[in-house]
Amino acid sequence: MQKQLAFLEDSPPKGFKYFPDFISVAEEKKLLAFLQSLDWKNIHMHGVIAKRKVVHFGMDYYYDSRTFSPTTPAPKELQFLIKRAAKALKVAPQSIKEILISYYPVGAPIGWHRDAPMFESVFGVSLENSCTMKFRSDSGNYKTELEPRSGYIIEGEARWKWQHHIPAVKTERYSITMRTMKD
Ligand SMILES: O=C(O)CCC(=O)C(=O)O
Ligand SMILES: [Fe+2]
């Protein structure tokens, strides 16, 4: 019994895949320099301003109304990453319609959620520092470390049956998440 519980706790949700060293140190350095040039926006949710800041390409997402509309296409600096993520997701690069760049200052979390229902698969890349990502569902809990330069896929059960969350980060971190749209 004990063993089975431990197994449940430790096995990743189906549809979550992790890719250590998805980008090189040089690519990370270039991306981080590019991110400094962006026009970072606050997230207003239910009258509160979140600690993390974001930049959207492809689709703008309005957190309060949960609606979206087309915005600036992804710049050239992100094209290699979109191509690589699309390959890992086994979709065409044009299928990646939303690119969300997030900055987590020390102490910034992202609360428990499922990504908005208009999106399908998610590919995330972590930059600068590690964080913990937690998953929960009726079938259990799972916790993993997202290292700098790693990538992850959230699709299938991990996407629709599980929620995920990043506890307040201990060291600042950036992520670039790329999403396909649901049909
Ligand atoms: O920062 C990340 O890697 C994940 C962010 C996330 O879950 C989201 O934007 O929906
Ligand atoms: Fe998410």
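Any residue in region 56-81 that is part of a strand (DSSP E or B) sitting within a Cβ distance under 9 Å of a residue that is basic (Lys, Arg) and open to solvent by 70 Å² or more (accessible area, probe 1.4 Å)? List the pairs, counting only those 6 or more apart or interchain.
HIS56/LYS41; MET59/LYS97; PRO70/LYS97
Could you pull out the residue among GLU155, GLU147 that is in contact with a strand residue (DSSP E or B) (Cβ under 7 Å, 6 or more places away or on another chain), charged (D, E, K, R) and within 15 Å of ligand 2 (Cβ to nearest atom)? Break it down into steps so the answer makes sense when it comes.
On the way: GLU147 fails: within 15 Å of ligand 2 (Cβ to nearest atom).
The unique qualifying residue is GLU155.
Kindly provide the set of residues from region 150-160 that are touching a Pro at 6+ places or on another chain (Cβ under 8 Å) and either over 21 Å from VAL91 (Cβ atoms) or open to solvent by less than 40 Å² (accessible area, probe 1.4 Å) (or both), ordered by number. Show your work before the answer.
Start the filter on region 150-160 by keeping residues that are touching a Pro at 6+ places or on another chain (Cβ under 8 Å), which leaves 150, 157-158.
Of everything in region 150-160, those that are touching a Pro at 6+ places or on another chain (Cβ under 8 Å) and either over 21 Å from VAL91 (Cβ atoms) or open to solvent by less than 40 Å² (accessible area, probe 1.4 Å) (or both) turn out to be SER150, ALA158.
Can you go through SER24, SER121, SER65 and tell me which one is of a type in the set (Ser, Thr, Tyr) and over 22 Å from ILE153 (Cβ atoms)? I'd like the intermediate steps shown before the answer.
Values: SER24 fails: over 22 Å from ILE153 (Cβ atoms); SER121 fails: over 22 Å from ILE153 (Cβ atoms).
When all the criteria are applied, what remains is SER65.
Quick one: in region 132-149, which of the residues that are part of a loop (DSSP other than H, G, I, E, B) and of a type in the set (D, E, K, R) is surrounded by the most Cβ atoms within 10 Å (Cβ to Cβ)? Break it down into steps so the answer makes sense when it comes.
Just the residues of region 132-149 that are part of a loop (DSSP other than H, G, I, E, B), to begin with: 138-139, 147-149.
Add one more test, that the residue is of a type in the set (D, E, K, R), and what stays is 138, 147, 149.
Numbers: ASP138: 6, GLU147: 14, ARG149: 19.
Ranking the qualifying residues of region 132-149, first place goes to ARG149.
Residue under question is ARG84, and the condition is that it be within 10 Å of ligand 1 (Cβ to nearest atom), surrounded by 15 or more Cβ atoms within 10 Å (Cβ to Cβ), touching a residue at least 24 places away in the same chain (Cβ under 8 Å) and among the charged types (D, E, K, R); does it hold? Outline the logic, then answer.
Values: within 10 Å of ligand 1 (Cβ to nearest atom): no; surrounded by 15 or more Cβ atoms within 10 Å (Cβ to Cβ): yes; touching a residue at least 24 places away in the same chain (Cβ under 8 Å): yes; among the charged types (D, E, K, R): yes.
In short, no.
Among what's in region 102-131 and is more than 14 Å from ligand 2 (Cβ to nearest atom) and in a strand (DSSP E or B), pick the residue that is surrounded by the fewest Cβ atoms within 10 Å (Cβ to Cβ).
TYR103
So, in region 41-55, exactly how many residues are out of contact with any Leu (no Cβ under 7 Å at 6 or more places or on another chain), in contact (Cβ under 8 Å) with a residue 40 or more places away in the chain and open to solvent by less than 30 Å² (accessible area, probe 1.4 Å)?
Final tally of qualifying residues: 2.
If you go through region 153-183 one residue at a time, how many are closer than 13 Å to LEU127 by Cβ and outside any loop (DSSP other than H, G, I, E, B)?
Narrowing region 153-183 to residues closer than 13 Å to LEU127 by Cβ: 169, 171-177.
Now narrow it down to the ones that are outside any loop (DSSP other than H, G, I, E, B): 173-177.
Matching residues across region 153-183 total 5.
In region 25-40, which residues are farther than 11 Å from LEU78 by Cα and surrounded by 14 or more Cβ atoms within 10 Å (Cβ to Cβ)?
Residues satisfying the conditions are GLU28, LEU38.
In the list SER150, SER121, SER102, which residue meets the criterion of being of a type outside the set (Asp, Glu), modelled with pLDDT of 95 or more and touching a Leu at 6+ places or on another chain (Cβ under 7 Å)?
Working: SER150 fails: touching a Leu at 6+ places or on another chain (Cβ under 7 Å); SER102 fails: touching a Leu at 6+ places or on another chain (Cβ under 7 Å).
Just one listed residue meets the conditions, SER121.
The values are calculated or read from the model by the stated rules, or taken from the named source; none is laboratory data. This is a predicted model, so every value here is computed, not measured. Virtual Cβ from ideal backbone geometry, glycine too; neighbours counted across all protein chains shown. Remember, those area values only see protein heavy atoms, side chains included, never the ligands or the DNA or RNA. Shrake-Rupley method; radii C 1.70, N 1.55, O 1.52, S 1.80 Å.
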